[in-house]
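Asks: The structure under discussion is supplied below as structure tokens; questions concerning it will follow.
The values are calculated or read from the model by the stated rules, or taken from the named source; none is laboratory data. Computed from a predicted model, the values in this text were never measured in an experiment. Quick reminder, even Gly has a Cβ in these numbers, built from the backbone with ideal geometry, and neighbours come from all protein chains shown. Ligands, DNA and RNA are excluded from the accessible area calculation, which covers all protein heavy atoms including side chains. Shrake-Rupley method; radii C 1.70, N 1.55, O 1.52, S 1.80 Å.
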Amino acid sequence: IQRQESEGEVVEDGDGDGEIEDVEEDAPAPTMEEDIEVDDKLELLKEHKEVKMTKVSSADEFKAQGDGKMEEKKMNGCDVTKGKWVYDESYPLYTNGSCPFIDEGFNCGTNGRQDRDYMKWKWQPQDCDFPRFNAAKMLDLISGKRLVFVGDSINRNQWESMLCMLMSAVKDPKKVYETHGRRITKERGNYSFKFVDYKCTIEYYVSHFLVHESKARIRQKRRPTLRIDAIDHGSSKWKGADILVFNTAHWWSHFKTKAGLVPLSNCGSSSLVMINYYQEGNQVHPKLDVSTAFRKALMTWAGWVDRHINPRKTRVFFRNLAPSHFRGGLWNSGGHCMEATWPLNDTSGMEYPEKNRIVEEVILQMKTPVTLLNVTGLSAYRIDGHPSIYGKKPGTRYSSNIQDCSHWCLPGVPDTWNEILFFHLQSKEKS
């Protein structure tokens, strides 16, 4: 099966202390439908009161046929990946003004975005009554525990969303604080917020690849490498968590260092290899296919989880890839999404990402139970949910050719990812 991936990505202003160039790569952009005119939208709202999007295709429709494929785990007979977006005036669950934890890159409303419809969509699974997020219940579930997010800036997106959603149940905001006194910015990658009344912490640790970003001597020069056989050196901070939410995908299969990518020459393949970048032991691979390296890195992560995580204490989640929506070019060549203020009607042009299939296959081989948070299909509709030009404050200098169509505005789509996480945690608690 031939697969073609767009190489859309967005520049980050700094997602930690790594040596690697901070850019984000994402999945293929879904097929676009013509934008719905504003007057048409208002008329739909008047006539139906509830605007419903096309039903999301099943996991089977997204996946290629073959052996070893994972079906999304059903909780109490409900597959949360199947459903539709429903316009709901009672959303969002919080506002830009009520949450002090949204960093500049995700704070679209404060940065000048005028339309508000992107905040009003609720994900409704087709096979169950999806409960509205209840911050008080969530805090009770994690009372005395550590909820830890590990991954790239898309996971920081979800972590900030969780902080904002939980704040609605906090009576005294002064009893929520960062344990090191840090203010959330793109420059720092490790945070731990303590909720005093509940004796719990909500933590985030940056790890773009989950494996160790290193350096090696290549032709008399020390160059950045990625140790795909060694877990990230920050992993000691992940131990002891009660709930772990991992992700990695967006930094793979694109230009990340000065080493660069080249196409495979054999058989006219469109695959890419990284030159002098991936390292195992003392060996730096002259060339290695990105998918092969991604699988090796995930096997390293899986081995660490199986050795160091006690499944009787810790629940492990892995959130798969959230699509980007660049139109008319790549992230650095005029790709844009600013004009989109309404979800897509159709995502039939999207193929299930290869990186998702690799994640699923690795999880199946693990002895530790891992719950897959499959957000790819439902997020594919939400071309309207990205910061685009509103990832910076008004008046801040930025290139008009660069828009952020990879990350997500808050309030917005990551809130739904956390509602799904809450649903899984609740279902486990009941069972």
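Asks: Residue by residue through the range 133-146, which ³J(HN,Hα) values in whole Hz follow from phi under the Karplus form 6.51 cos²θ - 1.76 cosθ + 1.60 (θ = phi - 60°), with glycine and proline marked x?
Replies: These are the phi-based 3J(HN,Hα) values: 4, 10, 4, 5, 5, 5, 5, 5, 4, 9, 4, x, 10, 10 Hz.
Asks: Around Phe193, what is the net charge, scoring Lys/Arg as +1 and Asp/Glu as -1 over all other residues with Cβ under 9 Å from its Cβ?
Replies: Net of charged neighbours comes to -1.
Asks: Let me ask another. Name the residues whose placed amide hydrogens come within less than 5 Å of the amide hydrogen of Thr371, ignoring near sequence neighbours (fewer than 5 apart) on the same chain.
Replies: Amide H neighbours of Thr371: Val316, Phe317, Phe318.
Asks: Sticking with this one: Using modelled amide H (1.01 Å from N, peptide plane; none on Pro or chain starts), what sits under 5 Å from the amide H of Ile275, excluding residues fewer than 5 places away?
Replies: Here Gly260, Val262 satisfy the definition.
Asks: Can you figure out the FRET efficiency of Arg132 with Lys428, using R₀ = 25 Å and their beta-carbon distance, to the nearest 0.05?
Replies: For R0 = 25 Å, the calculated efficiency reads 0.85.
Asks: Determine, for the range 72-161, the count of lysine pairs separated by eight or more sequence positions (or lying on different chains) whose alpha-carbon distance falls under 14 Å.
Replies: Within the range 72-161, the lysine pair count is 6.
Asks: List every residue whose amide H lies under 5 Å from the amide H of Ile218, counting only residues 5 or more places away in sequence or on a different chain, with H placed 1.01 Å from N in the peptide plane.
Replies: Close amide H contacts, sequence-distant or interchain: Arg223.
Asks: Select from Gly377, Gly349, Val176 the residue farthest towards the positive end of the dipole of the range 84-428; place +1 on Cβ of Lys and Arg, -1 on Cβ of Asp and Glu, and compute about the Cα centre.
Replies: It is Val176.
Asks: Let me ask you something else. Let's see if you can work this out: charge +1 on each Lys and Arg Cβ, -1 on each Asp and Glu Cβ, no other charges. What is the dipole magnitude of the range 84-428 about its Cα centre, in debye to the nearest 20?
Replies: 1500
Asks: To continue, here is another question. Could you work out the local net charge near Gly303, counting Lys and Arg as +1, Asp and Glu as -1, over the other residues with Cβ closer than 14 Å to its Cβ?
Replies: After counting each charged neighbour, the total is +1.
Asks: Now, a different point. Report ³J(HN,Hα) in whole Hz for each residue of the range 98-115, in order, from the Karplus equation J = 6.51 cos²θ - 1.76 cosθ + 1.60 where θ = phi - 60°; Gly and Pro get x.
Replies: 7, 10, x, 9, 7, 6, 4, x, 10, 8, 4, x, 5, 7, x, 6, 8, 6
Asks: For the range 185-193, take each phi angle, set θ = phi - 60°, evaluate the Karplus expression 6.51 cos²θ - 1.76 cosθ + 1.60, and give the result in whole Hz per residue in order, putting x for glycine and proline.
Replies: Taking θ as phi minus 60°, the curve returns 9, 6, 6, 9, x, 10, 9, 9, 9 Hz for the range 185-193.
Asks: Something else now. What pairs in Lys186/Lys215; Lys296/Lys428; Lys215/Lys287 have C-alpha atoms more than 20 Å from each other?
Replies: The answer is Lys186/Lys215; Lys296/Lys428.
Asks: Dipole magnitude of the range 140-239 about its Cα centre, charges +1 at Lys/Arg Cβ and -1 at Asp/Glu Cβ only, in debye to the nearest 20?
Replies: The calculated dipole for the range 140-239 is roughly 620 debye.
Asks: If you don't mind, there's one more thing I want to ask. Using a 1.4 angstrom probe on heavy atoms only, work out the carbon and sulfur share of the accessible area of the range 84-428 in %.
Replies: Carbon and sulfur: 47 percent of the exposed surface of the range 84-428.
Asks: Which whole-number percentage describes the relative contact order of the range 175-255, with Cα contacts under 8 Å and a sequence gap of 6 or more?
Replies: 20
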